[in-house]
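Remarks on the structure that follows.
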Amino acid sequence: MKKFVVGLSSKVNRACKILLIACFVFAFVAAVYQVFSRFVLQSSFVQNLLPMIDFSIFNLSWIEEFIRYMFVWIVFLGIGMVYKDKGHAHVEILHHYLPPKFKSKLTVLIEVINSAAFLFLIIYGWRILKFTSQQISPSMGINMVWIYCSVLVCSLICLLHALVHVLELSNAQEAKVETIQTTAVDENSYLGHEGGR
C-alpha cells in the first residue's frame, strides 16, 4: 500500500509538471500573439502599408480571458508541486527549539492539520462546482467548472502528497527504532563476547 501511494504521488507530480509547462507555453504564446496583434498589426505603420487588409480581425477578444485562466491553473498546479517538495514558506522557530523526540510529532501534527484543510477545500470545492456549473465565461463561452475545479484538483493532489509525507515520517521512525534496537543487540553481543573471555 505504501509503495502504491508513494508511486502514485510521484506520477501525479510528474503529470502536474507536464501540465504546468503546457499551461505556461499556451499562456506565453497567447500573450505574445495578443501583443503582436494589438501593437504591431494594429499600428499605423502596418495599416498605412497594407490599407486593404482589416487587421482588427486578428485581435481576438477571448485571448485575455484564456491567459487569465491559464495562470489560475498554473498557480494551483504549482501549489501541489511545491507542497510535494516541502517548499512552502513556514515558521521554523518552534521546530528549531523543540527536543528531537518532539520534532517528528510536530511535523506529523502539521501534516494532519494540512490534511484537514485540504479535506475542507475538497468538500467545499465540490459544492462550489455544483454552484458554478451554470456559469459560462463571458468571452470564451466555456463552463466555469473548468476553472473552479482547479481548487478541487489542487486539494486532492496536496492531500495525496500529505499522506506520503506522513508515511515517510512513519518509515523514518520505524528505521530509527530498528537502528536503536540493532545497536543495542550489537552492544550486548559484544559485551557477552568480552565477558566470555
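Annotations for the structure displayed:
- Area projected by the alpha carbon convex hull of the stretch 14-61, averaged over all directions, nm²: 3.7 nm²
- Among 155, 133, 44, residue whose mean-square fluctuation peaks in a GNM of the chain (springs only between Cα atoms under 10 Å): 44
- The label point for residue 18 and the one for residue 140, both projected 7 Å from the Cα toward the Cβ, are 2.1 nm apart.
- You can think of it this way: the chain between residue 169 and residue 62 has 33.8 nm of extra reach, that is 0.36 nm per residue less the Cα-Cα gap.
- Those residues of the stretch 16-39 whose amide nitrogen sits under 13 Å from the label point placed on residue 55, 7 Å along Cα→Cβ: 34-39
- GNM top mover of 19, 152, 160 - the chain, alpha-carbon springs below 10 Å: 19
- Local net charge near residue 98, Cβ-Cβ under 11 Å (Lys/Arg +1, Asp/Glu -1): +2
- Label sites at residue 120 and residue 11, each approximated as a point 7 angstrom past Cα along Cα to Cβ, lie 3.2 nm apart.
- Computed [θ] at 222 nm, deg cm²/dmol, the chain (DSSP H ≥ 4; -39,500 (n - 2.57); rounded to nearest 500): -28000 deg cm²/dmol
- For the stretch 1-87, the Kirkwood estimate of hydrodynamic radius, built from reciprocal distances between every pair of different alpha carbons, is 15.6 Å.
- Cα extents of the chain along the three principal axes, largest first (Å): 106, 39, 34
- Net length gained if the chain between residue 108 and residue 46 were fully extended (0.36 nm per residue, minus Cα distance): 16.1 nm
- Relative protection proxy for 112-122, 67-77, from highest mean packing down: 67-77, 112-122 (other beta-carbon atoms within 10 angstrom).
- Stretched out straight at 0.36 nm per residue, the stretch from residue 36 to residue 93 would grow longer than its current Cα-Cα span by 15.6 nm.
Coordinate-derived values only; no laboratory data. Given the structure is predicted, the values throughout are model-derived calculations rather than measurements. Methodologically, a virtual Cβ is constructed for each residue, glycine included, from the backbone with ideal geometry; neighbour enumeration extends over all protein chains shown.
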